[in-house]
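For reference, the structure discussed in these notes is given below.
The values are calculated or read from the model by the stated rules, or taken from the named source; none is laboratory data. Just so we're clear, the structure is a prediction, and the values are computed from it rather than from any experiment. We place every Cβ from the backbone using ideal geometry, glycine too, and count neighbours over all the protein chains shown.
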Amino acid sequence: MIVRSMKTADGDAAPALSAATLAQLQAWTGNTESEDDVITAAPMRGQAALLDRDDAPPAPGNALPPLWHWLYFLPQQRQSELGPDGHARRGGFLPPVPLPRRMWAGSHLSWVPDNPLRVGDAVQRRSSVGSVAHKHGRSGDLIFVRVDHALHNAQGLALTESHDIVYRAAAQPGDPAPVPLLAATDAAWQHEVVPDAVLLFRYSALTFNGHRIHYDRAYVTDVEGYPGLVVHGPLIATQLLDLVRRHASRAFVTGFDFKLLRPTFDLHPYRLHGQPAADGQSVLVWASDQQGFLTLQGCVTLG
């Protein structure tokens, strides 16, 4: 069951980012939403298969691995409520930003060390729109929406997360390309991922993500102008934390901050990198594409 309390706006969003449109969008700041879910085993089995893990079947009381809460509280709008990109139509809990491209820009997460989410837990997620900010980038207007989540089980707060979403205009011929950054190549932990349409479809299915850029090649190339299917940013983040789990299996993740810097496509392999700090309290993680450019960077804090 979802319970929402939100502000409303009269009429549809303006087609351009005028001052009136920006004020209307910023009126969504403070919208709240709460949702209940139960940590069940089936999504965990699917995620383990996707990550090619040979884990024992999850049992009641097992702790949920870090970032696997993204398998729950999934969007379940009716088919008639979806927009042309496969996302829910604009408006409602999130502001109706009139820009066609919507991407995950990054997150800040903090886990409560003595209260992990566990199989069988009944969990409530309380969400609010923290901010709506306008910036002007090289390719035009950008709208950044920050959504704050707090997840509680019967013992209290288990996890907080701030999720940054960026909206931008469709690509146009002659748009200046952002200057890419070369990724370091000397990480102690590395793994190559060969993405394909099956991997992206399975992750979209696991997370009930209808965004067509991840599975509809004709849409992503002809409408949004990308060269191939876009690899989910949350998938890469999950793979990076899985890299940490494989090399530091006894550590408990207490925090994770990451930013997505450059889209990754299914046309070529990409690499995951992890460099543990000398004191063992943190791990720098990043991902790079086939050209060696940095696509995601973050820091994992260990307890």
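What to note about this one:
- Selection from region 223-275 of residues that are among the hydrophobic types (A, V, I, L, M, F, W, C) and in a helix (DSSP H, G or I): Leu235, Ile236, Ala237, Leu240, Leu241, Leu243, Val244
- Only one entry in Arg271, Arg245, Arg262 is within 21 Å of His163 (Cβ to Cβ) and either without any contact (Cβ under 8 Å) to a residue 12 or more places away in the chain or of a type outside the set (S, T, N, Q) (or both), namely Arg262.
- The single condition among (1) crowded, with 16+ Cβ neighbours inside 10 Å; (2) without any contact (Cβ under 8 Å) to a residue 24 or more places away in the chain; (3) under 22 Å from Asp36 (Cα atoms) that Asn153 does not satisfy is (2).
- The condition of being under 20 Å from Leu181 (Cβ atoms) and charged (D, E, K, R) holds for only one of Arg245, Arg271, that being Arg271.
- Here Asp36 clears all of (1) out of contact with any Phe, Trp or Tyr (no Cβ under 7 Å at 6 or more places or on another chain); (2) closer than 23 Å to Val166 by Cβ; (3) in contact (Cβ under 8 Å) with a residue 24 or more places away in the chain; (4) not hydrophobic (A, V, I, L, M, F, W, C) except the condition numbered (2).
- Inter-residue pairs, beta-carbon under 7 Å, first not assigned by TED's automatic domain parsing to the domain that holds Asp85 and in region 216-227, second of a type in the set (Phe, Trp, Tyr) and surrounded by 13 or more Cβ atoms within 10 Å (Cβ to Cβ), 6+ apart: Val220/Tyr226; Tyr226/Phe265; Pro227/Phe265
- Criterion (acidic (Asp, Glu), more than 24 Å from Gln76 (Cβ to Cβ) and surrounded by 13 or more Cβ atoms within 10 Å (Cβ to Cβ)) met by exactly one of Asp148, Asp141: Asp141
Okay, residues lined up against (1) farther than 23 Å from Leu109 by Cβ; (2) surrounded by 21 or more Cβ atoms within 10 Å (Cβ to Cβ); (3) at pLDDT below 95:
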residue: Glu192; (1), (2), (3): yes, no, no
residue: Ala248; (1), (2), (3): no, no, yes
residue: Lys259; (1), (2), (3): no, no, no
residue: Gly274; (1), (2), (3): no, yes, no
residue: Gly303; (1), (2), (3): no, no, yes
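Yes/no matrix, rows are residues, columns are (1) over 30 Å from Ala248 (Cα atoms); (2) at pLDDT 95 or above; (3) not assigned by TED's automatic domain parsing to the domain that holds Asp257:
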residue	(1), (2), (3)
Ala154	no, yes, yes
Glu161	no, yes, yes
Ala169	yes, no, yes
Gly174	yes, no, yes
Ala188	no, yes, no
Pro195	no, yes, no
Val198	no, yes, no
Phe201	no, yes, no
His211	yes, no, no
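- Residue that is nearest to Leu109 (Cα to Cα) [pool: residues in region 276-288 that are surrounded by fewer than 21 Cβ atoms within 10 Å (Cβ to Cβ) and of a type outside the set (A, V, I, L, M, F, W, C)]: Ser282
- Count of residues meeting criterion [surrounded by fewer than 20 Cβ atoms within 10 Å (Cβ to Cβ) and either on the phi < 0 side of the Ramachandran plot or part of a helix (DSSP H, G or I) (or both)] in region 45-67: 15
- Among residues of region 178-203 that are closer than 18 Å to Gln290 by Cβ, those with a beta-carbon under 7 Å from a residue that is polar (S, T, N, Q) and part of a strand (DSSP E or B) at least six positions away or on a different chain give the pairs Ala183/Ser288; Ala187/Gln275.
- Listed by first and then second residue, the pairs linking a residue in region 95-121 that is in the same structural domain as Gln155 (by TED's automatic domain parsing) and farther than 19 Å from Asn31 by Cβ to a residue that is of a type in the set (Ser, Thr, Tyr) and part of a loop (DSSP other than H, G, I, E, B), with Cβ atoms under 9 Å apart and 6 or more places separating them unless they lie on different chains, are Leu117/Tyr72; Val119/Thr40; Gly120/Thr40.
- Qualifying position, being touching a strand residue (DSSP E or B) at 6+ places or on another chain (Cβ under 6 Å), among the small types (Gly, Ala, Ser) and outside the structural domain of Arg246 (by TED's automatic domain parsing), among Ala59, Ala42, Ala63: Ala63
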